[in-house]
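S.K.: Please read through the structure below; I'll follow up with questions.
Read-outs: derived from the displayed coordinates by stated rules, not from any lab. Quick caveat, the model's predicted, so the values are computed rather than measured. Here the Cβ is made from the backbone with ideal geometry for all residues, glycine too, and neighbour counts use every protein chain on show.
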């Protein structure tokens, strides 16, 4: 009996040490009063980090009366971890640890870009822990987005007689659609054709970008180029369509909202229409003169929308 008690004690000590070590490896930071409604920002990727949101918007959002938490996923950005698998289950495990670390019971999630898929998976697995899921320029039907980018870019390239882009798109279309190279080159095409840029930068957007680029957070904009490779190696759920999951969330008690730029080139009008049917027209916010980064392109408007979203009590239609 005494030996058994010693074994249990050792196991508890090892477990505690592991959790402390894990907490040290996972970068996170909170802004605002912890008594306020908690919001966790989940960044894009794989290969991303939270520096852009943290350096431009986290404190501003906290000033509106929210407890804002940002973090970099394991193996990405400032959360260096050579043993990271970059899977959705691993990401969900880390979100659970963030919630425990800050002593929270129920949170709202802001899922940006690829972070929209991460947050959707987590919410589906842990609906009792999520009050609101807020998709911001979030992926929800990956292959539809990739097809849209390549199809529209091809039309533009042909019209401009851009043979370099035409050949590159042809090469991309020959690749395995479930591979890292296909995803990477598709986004390179999207960047080349300005799919991530707001059409007419405002004085505010210029100021916000400059503040970030000349500030401390841009210096921490760490990118792990191996992250996408590890994700496609270790994760079986790639190029997925999360619309069925999103439809089910209101029935699980989760309030669903979406904030998208009207000029975000990686989504077709049909995709946005499909999303509206899921969220309901009232819960889908489209920002004009705005692309993939609403919290930078139109920060003031984004903050107003976030405040209204957090105060909204209605749910998306049950589908």
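S.K.: Once you put a point 7 Å from the Cα of residue 164 and another 7 Å from the Cα of residue 151, both along the Cβ direction, what distance in nm separates them?
M.R.: Simple spin-label model gives 2.7 nm for this pair.
S.K.: Tell me, in nm to one decimal, what length is gained between residue 210 and residue 36 on full extension, where the rule is 0.36 nm per residue of separation less the Cα-Cα distance?
M.R.: This chain segment gains 59.7 nm when fully extended.
S.K.: Can I ask one more? Calculate how many DSSP beta bridges within the chain are antiparallel, expressed in % of all such bridges and rounded to the nearest 5.
M.R.: 20 percent
S.K.: While we're here: Please sort 206-214, 238-246 by packing, taking for each peptide the average over its residues of neighbouring beta carbons within 10 angstrom, highest first.
M.R.: 238-246, 206-214
S.K.: Which entry in (1) 18.5; (2) 17.6; (3) 16.3 matches mean projected area of the Cα convex hull in nm² derived from the coordinates of this structure?
M.R.: From the options (1) 18.5; (2) 17.6; (3) 16.3, the structure gives (1).
S.K.: Quick one: grab Rg to one decimal and Dmax as a whole number for the stretch 168-231, Cα atoms only, in Å.
M.R.: Rg, Dmax (Cα atoms, Å): 15.9, 42.
S.K.: For the chain, take the longest principal axis of its alpha carbons; what is the angle in degrees between that and the long axis of helix 180-192, to the nearest 10 within 0 to 90?
M.R.: Around 50 degrees separate the two axes.
S.K.: Hey, what angle do you get for helix 114-125 against the long axis of the chain, alpha-carbon based, 0 to 90 degrees rounded to 10?
M.R.: 50 degrees
S.K.: Still on this structure, I have one more. How far is helix 2-25 tilted, in degrees, relative to the longest principal axis of the Cα atoms in the chain, given as a value from 0 to 90 rounded to the nearest 10?
M.R.: With rounding to tens, the tilt is 30 degrees.
S.K.: Here is a further query. Considering only C-alpha atoms, what is the centroid distance from the stretch 126-189 to the stretch 280-304, in Å?
M.R.: Taking the Cα centre of the stretch 280-304 as reference, the centre of the stretch 126-189 is 21 Å away.
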